[in-house]
Amino acid sequence: MSRSVLVTGGNRGIGLAIARAFAEAGDKVAITFRSGEPPAELTALGVLAVRCDITDSDQVDLAYKQVEDAHGAVEVLVANAGITKDTLLMRMSEDDFASVVDTNLTGTFRVVKRANRGMLRAKKGRVVLISSVVGLLGSAGQANYAASKAALVGFARSLARELGSRNITFNVVAPGFVDTDMTKVLTDEQRAGIVGQVPLGRYAQPEEIAAAVSFLASDNAAYITGAVIPVDGGLGMGH
């Protein structure tokens, strides 16, 4: 059966690959995006694109109303939207820290809480949060980002306990280094240095992250909740 799926930050990179995977599987897919325009390929796949800044609760509520009017209550939520403001702690302003946490953590709280309304009514739902290997390993110059991504694990596991009896699962996917526009701007030397840390010796493709998300949202993962699934080429082993 075709489900109502919402992917936040679904207009590029990992989010785009996730939205594409669900749409190609026959689900009714909506994405949120904050800036720019969604790629034409999503329109061709029938994906509904809704402009929304997840740091604004009113915009989140409006986005959900648009999705619900078009596709019905959200049955699968993938909270992917996030930002970085990397700098060393001594140079990091309070805004650098607060804005990253507000988007990556509090923004996730906003979209998950709003999705819960329909999921509780239906007594079923799938929620997948996109964290990062950085949230488990830490990374110099990314204290704000790592803190926000690590916090998603505690958030998901608390909700897994809180709402498991309602047949709503909460899981976390923690990608490693992924070949996206963000990493393509690095120099060859920087890319080689990163790959040298990864046991599998390469970047992940966005589609590999999407495959893990698709699995967690499938019937095959009905008994998995509160899990953290690393898709990192072995970079974060033991964490």
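The values are calculated or read from the model by the stated rules, or taken from the named source; none is laboratory data. Small disclaimer: the values here were computed from a predicted structure and weren't measured. We place every Cβ from the backbone using ideal geometry, glycine too, and count neighbours over all the protein chains shown. These accessible areas exclude ligands, DNA and RNA; they are computed on the full protein's heavy atoms, side chains included. Shrake-Rupley method; radii C 1.70, N 1.55, O 1.52, S 1.80 Å.
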Taking segment 179-193 and the residues there that are touching a helix residue (DSSP H, G or I) at 6+ places or on another chain (Cβ under 8 Å) and outside any helix (DSSP H, G or I), the one that is surrounded by the most Cβ atoms within 10 Å (Cβ to Cβ) would be THR180
Quick count over segment 201-239, residues being surrounded by fewer than 18 Cβ atoms within 10 Å (Cβ to Cβ), under 20 Å from ILE130 (Cβ atoms) and of a type in the set (A, V, I, L, M), is 4
Given the conditions (1) open to solvent by 10 Å² or more (accessible area, probe 1.4 Å); (2) within 20 Å of the chain's Cα centre (by Cα); (3) small (Gly, Ala, Ser), every one holds for ALA115 apart from (1)
Please determine whether any residue of segment 98-108 is open to solvent by 70 Å² or more (accessible area, probe 1.4 Å) and in contact (Cβ under 8 Å) with a residue 40 or more places away in the chain. no
Expected output for segment 158-182 (first residue of a type in the set (Gly, Ala, Ser), partner assigned to a helix (DSSP H, G or I) and open to solvent by 40 Å² or more (accessible area, probe 1.4 Å), Cβ below 7 Å, 6+ apart or cross-chain) is ALA174/LEU136
(1) under 16 Å from GLY9 (Cβ atoms); (2) assigned to a loop (DSSP other than H, G, I, E, B) all hold for SER139 apart from (1)
Taking segment 72-131 and keeping only residues that are in contact with a Ser or Thr (Cβ under 6 Å, 6 or more places away or on another chain) and basic (Lys, Arg), one is left with ARG110, ARG126
Restricted to segment 145-178 and to residues being open to solvent by 40 Å² or more (accessible area, probe 1.4 Å) and part of a loop (DSSP other than H, G, I, E, B), the residue nearest to ALA17 (Cα to Cα) is PHE177
For segment 115-133, pairs from a residue that is under 22 Å from TYR203 (Cβ atoms) and assigned to a helix (DSSP H, G or I) to a residue that is open to solvent by less than 10 Å² (accessible area, probe 1.4 Å) and at pLDDT 95 or above, with Cβ under 7 Å and 6 or more apart or across chains, are VAL133/ALA174; VAL133/PRO175
Worksheet item: Does GLN142 qualify as being farther than 23 Å from LEU216 by Cβ, surrounded by 20 or more Cβ atoms within 10 Å (Cβ to Cβ) and not basic (Lys, Arg)?
Response: yes
Condition check: assigned to a helix (DSSP H, G or I) and modelled with pLDDT of 95 or more. Does VAL112 satisfy that?
yes
